[in-house]
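J.: Sharing a structure here in structure tokens format.
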Amino acid sequence: MNDFTASMPAPVAQAGATGQGRTQNIAGTRERWRMSLEARALVLVTAALVAVGLAVLYSASALQAVSENRAGHYYVLRQAVGVALGAIAFVVLAKVDAERFKALAWPIMIVSLILMAAVFLPGMNRGNIGGSRRYLLGGSLQPSEFAKFAVLIWTPMLLVKKGERVRELGKGIMPFVVVIGALVVLALLEPDISVAITYCVLMAVLLFVGGARIAHFMLFGVVGLMLIGVEAARNPYIRNRVQTYMAVGQSTEAPPDNPRDQQYQSLLAVGSGGLLGVGFSQGNQQRGWLPLAFNDFIGSIVGEELGFVGLAGVTVAFALYGWLGFRIARQARSPFLALVAIGLTFTTVFTAFVHLGVVIRLLPNTGLTLPFVSYGRSNLLLTLAMTGILVNIGSQRERVYGVTATDPLTPGGA
């Protein structure tokens, strides 16, 4: 009995052991993806986060919708559409061999660069907020989110292709710097500093895991810090973010959407929540005190209404997501898929923890949303799609014969 047959459930192994000719005559023969325990647990964690997200989003956005002369469920209904589309993408990608993305890496990256550049074309950047140019199709599409996926697919592809040459500076590291650097420049022009930093961090993590030299990281780290310093001195947008983070207390002269005021109100929200929170829909911050309460600072609403227990529960859920994702990466079917799984997992967990760090003022205001929870259909669709890919990486293809192909009560069945 070979390894493939030995790994099958008993009824399947018996059918496979009878010989190829006989198994071809058994009705219902098919192949399927069998999820590992980690993949199944990841599905449950994701479903829980999405459910909590819809509930908290309704509480955080209802009054904002009413103030805009819309129905109270306006934003949560739009988010539910994103959940539905994301669920479809999740199911489809969980059943598609993730190894196929290796051949699509360059087309995905090229499309991302084109979309990132398209936001600067006249008439294309409608639906943007605060003077930034981040959206297409009237705000329905955020190219920078799609570009994250491009980084997570393209970088592992090139790492596997280069192999040991990644330890070289010229032909090894520079292609990554040039291509990802182009995305970073486009993100800075929007401006979207947090996304630009995210691209750099993702590239650095994947290069480190892929075997690049530590000396190269130190070199580019110094250069990157110098460039950020120059950009911060030149760009009032970045300078304002740093200054407001360093300031203490509320700026009474600042407009309500000032980052300093946002973090001050966020601390009030989390502090007033106490251990168990003030109760669902009983918070005050979404009444206009906290700008973007259902987006950039939805973690503050969690802390206010669900208290320390609720905020800690969300934190633990993302920590569990990360643990499961890295276990899936460890058991991946190929080096390419292992790198992709690490990137996908790190992206979601890194974004979540940065958001939560901003909420409690451990970090300056970055504008990063809370995955699965914050309002934003592009981000939600992408995160659910990435989780679907992660589930596929955590699955194994198996062949099912006879009645076990259709009988859900039979071990190994559908």
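J.: Would you mind getting me the FRET efficiency between Val66 and Phe208? Use the beta-carbon distance for r and R0 = 30 Å, nearest 0.05.
T.: After rounding to 0.05, the efficiency reads 0.05.
J.: A further question on this structure: How would you order 105-111, 198-204 from highest to lowest mean count of nearby Cβ atoms within 10 Å?
T.: 198-204, 105-111
J.: Tell me, what ³J(HN,Hα) does each residue in the stretch 351-363 have, in order and in whole Hz, if you take phi through Karplus 6.51 cos²θ - 1.76 cosθ + 1.60 with θ = phi - 60° and put x for Gly and Pro?
T.: Here the 3J(HN,Hα) series is 4, 5, 6, 5, 4, 5, x, 5, 4, 9, 6, 6, 10 Hz.
J.: How large is ³J(HN,Hα) for each residue in the stretch 64-69, as worked out from phi by the Karplus curve 6.51 cos²θ - 1.76 cosθ + 1.60 (θ = phi - 60°), to whole Hz, x for Gly and Pro?
T.: 4, 5, 5, 5, 9, 6
J.: Which trypsin sites (Lys or Arg not before Pro) in the stretch 316-407 sit in a loop by DSSP (not H, G, I, E or B) and have at most 15 other Cβ atoms within 10 Å of their own Cβ? Write down the numbers at each step before the final one.
T.: Numbers: sites: Arg327, Arg330, Arg333, Arg361, Arg377, Arg397, Arg399; in loops: Arg333, Arg361.
Here the trypsin sites (Lys or Arg not before Pro) that fit, given the DSSP loop and packing criteria, are Arg361.
J.: While we're looking at this one, here's another question. Around Arg134, which amide H atoms from residues at least 5 apart in sequence, or from another chain, sit under 5 Å from its own amide H, with H modelled in the peptide plane?
T.: Here Ile129 satisfy the definition.
J.: Please list, ordered by chain and number, the residues whose modelled amide H lies under 5 Å from the amide H of Tyr375; skip anything fewer than 5 residues away on the same chain.
T.: Those qualifying (amide H under 5 Å, at least 5 residues apart or on another chain) are Asn295.
J.: Each residue of the stretch 72-77 in turn: what ³J(HN,Hα) in whole Hz from Karplus with 6.51, -1.76, 1.60 and θ = phi - 60°, glycine and Pro shown as x?
T.: With coefficients 6.51, -1.76 and 1.60, one gets x, 8, 4, 6, 5, 5 Hz.
J.: Ranked highest first by average number of other Cβ atoms within 10 Å, how do 290-297, 267-274 line up?
T.: Highest-to-lowest ranking by the protection proxy: 290-297, 267-274.
J.: Sorted by mean Cβ packing within 10 Å, highest first, what order do the peptides 183-191, 94-102 take?
T.: 183-191, 94-102
J.: Relative contact order for the stretch 33-405: what percent, with Cα pairs under 8 Å and sequence separation of 6 or more?
T.: Details: 552 pairs, mean separation 106.1, N = 373.
Computed value for the stretch 33-405: 28 percent relative contact order.
Bear in mind that the values in this text are calculations on the coordinates, not laboratory data. The model shown is predicted, which means the values in this text are computed figures rather than measured ones. In this analysis, Cβ positions are derived from the backbone assuming ideal geometry, glycine residues included, and neighbour counts consider all displayed protein chains.
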